[in-house]
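In what follows, a structure is listed as structure tokens, so that the remarks can point back to it.
None of the figures in this text is laboratory data; all of them are computed from the coordinates on show. In this text, all values refer to a predicted model and were calculated from it rather than measured experimentally. Cβ placement follows ideal geometry from the backbone for every residue including glycine, while neighbour counts extend to all protein chains displayed.
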Amino acid sequence: MGERLYEGKAKIVYRGDEPGVYLMEFKDDATAFNGQKKGSITDKGVVNARLTARLLRLLEERGIPTQFLATAGERMLKVRELAMVPVEVVVRNVAAGSLCQRLGVEKGREFSPPLVELYLKDDSLGDPLVNRHHLRALGKSDDATLDRMEELAGRINEVLRPFFRERGLELVDFKLEFGRTPDGEIVLGDEITPDTCRLWDAATRESLDKDRFRQDLGGVEEAYAEVARRVMDGG
Ligand code: 5GP
């Protein structure tokens, strides 16, 4: 394994053995509320690596470019080298979380078409909600990149929402991050896991995601394992 390039709250990125290849390791560490709440979720790293591999492979099969190359051990993925765009794209099918607090929207309201939001990725500022004008003015991104990221985010939702629904899970909302390959192509990076998605049991509307950790609901490990079971077994 090569040099450690980056350590975040949930993952570590290493330089790989070949040019253009990184290794992404998934940790059991869990944080919430911009790092104010800290803990650990047993085997989260293993579950999240497995889920990300499965879901990025699914997206690739549907023609969506991602960083995924291969699995590399139980909590590690081999991925393409990317220069990350410092923007989080959030897609909301159903109102929950910060949106309800910010705008007084009732939890559970459906959005059709889905609501897409942009956040500046900056821990020291708590990842604030921004619009294109902010990102342009601050030199963080440009219209062509944002157009492409929003287009891909919409297509990703169209693949993932029915995929989860067939497995009895409602994809309420999720956060995506994109990066640029050395060739300049914008591709999906980061992870797709219960850390970055809200997933509700379709029948009971019970949270099967990081909200169980954020809100001290208990059964966190069981919820992650249940999502993995439904995604990997297809039922
Ligand atoms: P909210 O804005 O309601 O807190 O989050 C919306 C969705 O994006 C949720 O599924 C949440 O998990 C995800 N999300 C937003 N920001 C972040 C972040 O900084 N880290 C992670 N892991 N997920 C995020």
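Dipole magnitude for segment 17-129: about 360 debye, using +1 per Lys or Arg Cβ and -1 per Asp or Glu Cβ, origin at the Cα centre. Relative to the Cα centre, the charge distribution of the chain, modelled as +1 at Lys and Arg Cβ and -1 at Asp and Glu Cβ, gives a dipole magnitude of about 300 debye.
At 25 °C and 0.890 mPa s, what whole-number value in µm²/s does Stokes-Einstein give for the translational diffusion of segment 151-235, with Rh from the Kirkwood sum over Cα pairs? Let's see the in-between values first.
Values: Rh = 13.7 Å.
The calculation lands on 179 µm²/s.
Pairs Lys11/Lys78; Lys27/Lys78; Lys44/Lys107; Lys78/Lys210; Lys9/Lys107: which are spaced more than 18 Å apart, C-alpha to C-alpha? Flagged as over cut-off: Lys44/Lys107; Lys78/Lys210; Lys9/Lys107.
Above 18 Å lies some portion of the pair distances; for segment 54-135, what is it as a whole percent of all C-alpha pairs? Walk me through the intermediate numbers first.
Working: 2048 of 3321 pairs.
Cα-Cα pairs of segment 54-135 separated by over 18 Å account for 62 percent.
Of the options Leu125, Asn93, Leu103, report the single residue whose Cα projects farthest towards the positive end of the charge dipole of the chain (beta-carbon charges: Lys, Arg +1; Asp, Glu -1). Result: Leu103. Shown in residue order for segment 29-42 are the 3J(HN,Hα) couplings computed by the Karplus curve 6.51 cos²θ - 1.76 cosθ + 1.60 at θ = phi - 60°: 4, 10, 10, 8, 6, 6, x, 6, 9, 10, x, 9, 10, 4 Hz (x for Gly and Pro). Hey, if you put +1 on the Cβ of every Lys and Arg and -1 on every Asp and Glu Cβ in the chain, which of Val220, Met149, Gly2 ends up farthest toward the positive end of that dipole? The residue sitting most towards the positive pole is Val220. Once the Cβ-Cβ distance of Phe33 and Ala144 is raised to the sixth power relative to R0 = 41 Å, the FRET efficiency obtained is 0.75.
Rg/Rh for segment 184-223 stands at 1.15; both radii use Cα atoms, and Rh follows the Kirkwood definition.
Sorting Asp183, Asp195, Asp127 on the 10 Å Cβ count, fewest up front, what's the list?
Working: Asp183 8, Asp195 25, Asp127 18.
Ranked by crowding around the Cβ, least crowded first: Asp183, Asp127, Asp195.
Would you calculate the convex hull of the Cα atoms in segment 1-71 and tell me its volume per residue in Å³? Don't skip to the answer; put the middle values down first.
Details: hull volume 7.7 nm³, N = 71.
About 108 Å³ per residue, rounded to a whole number.
Compactness of the chain is given as radius of gyration and Dmax, 16.9, 49 Å, from Cα positions.
Translational diffusion coefficient of segment 1-127 at 4 °C, 1.567 mPa s, Stokes-Einstein with Kirkwood Rh over Cα pairs, in µm²/s as a whole number. Don't skip to the end; give the middle numbers.
Values: Rh = 16.7 Å.
D = 78 µm²/s.
Just how far, in whole angstrom, is segment 38-93 from segment 163-235 if you go by their alpha carbon centroids? That distance is 11 Å.
Only counting other Cβ atoms within 10 Å, I'd like Phe174, Phe163 sorted with the fewest neighbours first.
Numbers: Phe174 24, Phe163 18.
The fewest-first ordering by Cβ neighbours comes to Phe163, Phe174.
With a 10 Å Cβ neighbour count serving as the proxy for reagent exposure, in which order, fewest first, do Arg62, Arg230, Arg75 appear?
On the way: Arg62 13, Arg230 18, Arg75 21.
Fewest to most other Cβ atoms nearby, the residues stand as Arg62, Arg230, Arg75.
Ordering Gly73, Phe178, Gly35 by the projection of their Cα atoms onto the charge dipole of the chain, which places +1 on the Cβ of Lys and Arg and -1 on the Cβ of Asp and Glu, puts Gly35 at the extreme positive end. Using the Stokes-Einstein relation with a Kirkwood hydrodynamic radius computed over Cα pairs, the translational diffusion coefficient of segment 89-190 at 25 °C and a viscosity of 0.890 mPa s comes to 166 µm²/s. Across segment 173-179, coupling constants 3J(HN,Hα) worked out from phi with the 6.51/-1.76/1.60 Karplus curve, θ = phi - 60°, read 7, 6, 10, 10, 10, 10, x Hz, and Gly and Pro carry x.
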